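Scroll down for the structure; my scribbles are underneath it.
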Amino acid sequence: MDDLTGKVALVTGASLGIGRAIAQALGKAGAEVAVNYLRHEAEAEEVCEFIRRLGRRALAVQADVSKSSEVTRLVKTVEQGLGSIEILVNNSGITRPQPLEDIREEDWDELINVNLKSAFLVTQRVLPGMRARHWGRIINISSVAAHTGGVVGPHYAASKAGMLGLTHSYAGLLAREGVTVNAIAPALIYTQMVAANPRARADLIPVGRFGKVEEVADAALLLAGNGYITGQTLNVDGGWYMT
């Protein structure tokens, strides 16, 4: 089902990169989209304008999704502006490529909070509405690093591996309630994050090139429109990790 007409979606970290592409793809499929951002206000408004030109409603909302009070404000703003959230894409995340010996406790805490805790906080906040309607789609953007360790560091890999555990647990608990929970594990999708990491090289990928944000967005659309896939991880990684 690629027709999501009238569904309300929230994409965290949607002003740039993968989140931006997913938000735009959801708009093309007919969804009303809330574009969460932390710092890039102009870029978030550009995404909203793109979606509005498609004839859909869009709303940009600034919030730090690693903080529960801001998550509460974010979801309330979306519900007031667009309606109850039916599709959630937990995309917000940061990388911090560092030599192993330079990783500090503060670095660990920040990556866990932004990449993993945020997914828990937002999911917990939108779940009551999904469960009441017996319909919901939750998509967590993990990483190949969850499987292989990746090219950033153990703090990043641990945060992304945690998202898979989160996905499996929610999927099992919610399977009979009409709420599906899945993950996407991309690898070396060409974004600002990848461009800034000197360890990210296209020759690491079996297909021999960086991925495109639109290729991750395609996977997100599949999961948003399918009610029979749950508890799964789609590896959009050019063959780096093969199951």
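What to note about this one:
- Subset of region 119-147 that is among the β-branched types (V, I, T) and touching a residue at least 60 places away in the same chain (Cβ under 8 Å) - its residue that is farthest from A175 (Cα to Cα): V144
- Filter pass, M163 being more than 20 Å from S66 (Cβ to Cβ) and either surrounded by 19 or more Cβ atoms within 10 Å (Cβ to Cβ) or of a type in the set (V, I, T) (or both): no
- When each of N90, N113 is tested for being in contact with a strand residue (DSSP E or B) (Cβ under 7 Å, 6 or more places away or on another chain) and surrounded by 15 or more Cβ atoms within 10 Å (Cβ to Cβ), the lone residue that passes is N90.
- Output for region 164-192, where each listed residue is in a helix (DSSP H, G or I), touching a helix residue (DSSP H, G or I) at 6+ places or on another chain (Cβ under 7 Å) and farther than 15 Å from D237 by Cβ: L166, Y170, E177, Q192
- Residues located in region 82-118, provided they are outside any loop (DSSP other than H, G, I, E, B), farther than 24 Å from I18 by Cα and touching a residue at least 12 places away in the same chain (Cβ under 8 Å): L100
- The single condition among (1) part of a loop (DSSP other than H, G, I, E, B); (2) on the phi < 0 side of the Ramachandran plot that G208 does not satisfy is (2).
- For region 66-102, a residue qualifies if it is of a type in the set (A, V, I, L, M, F, W, C), under 19 Å from the mean Cα position of the chain (by Cα) and under 22 Å from A31 (Cα atoms), and the qualifying residues are V71, L74, V75, V78, I85, I87, L88, V89.
- The set of residues in region 126-137 being crowded, with 20+ Cβ neighbours inside 10 Å and assigned to a helix (DSSP H, G or I) consists of V126, L127, M130.
Every number in this text was worked out from the coordinates using simple rules, so none of it is lab data. Quick caveat, the model's predicted, so the values are computed rather than measured. Every residue, glycine among them, receives a Cβ derived from its backbone with ideal geometry; neighbour counts consider all protein chains shown.
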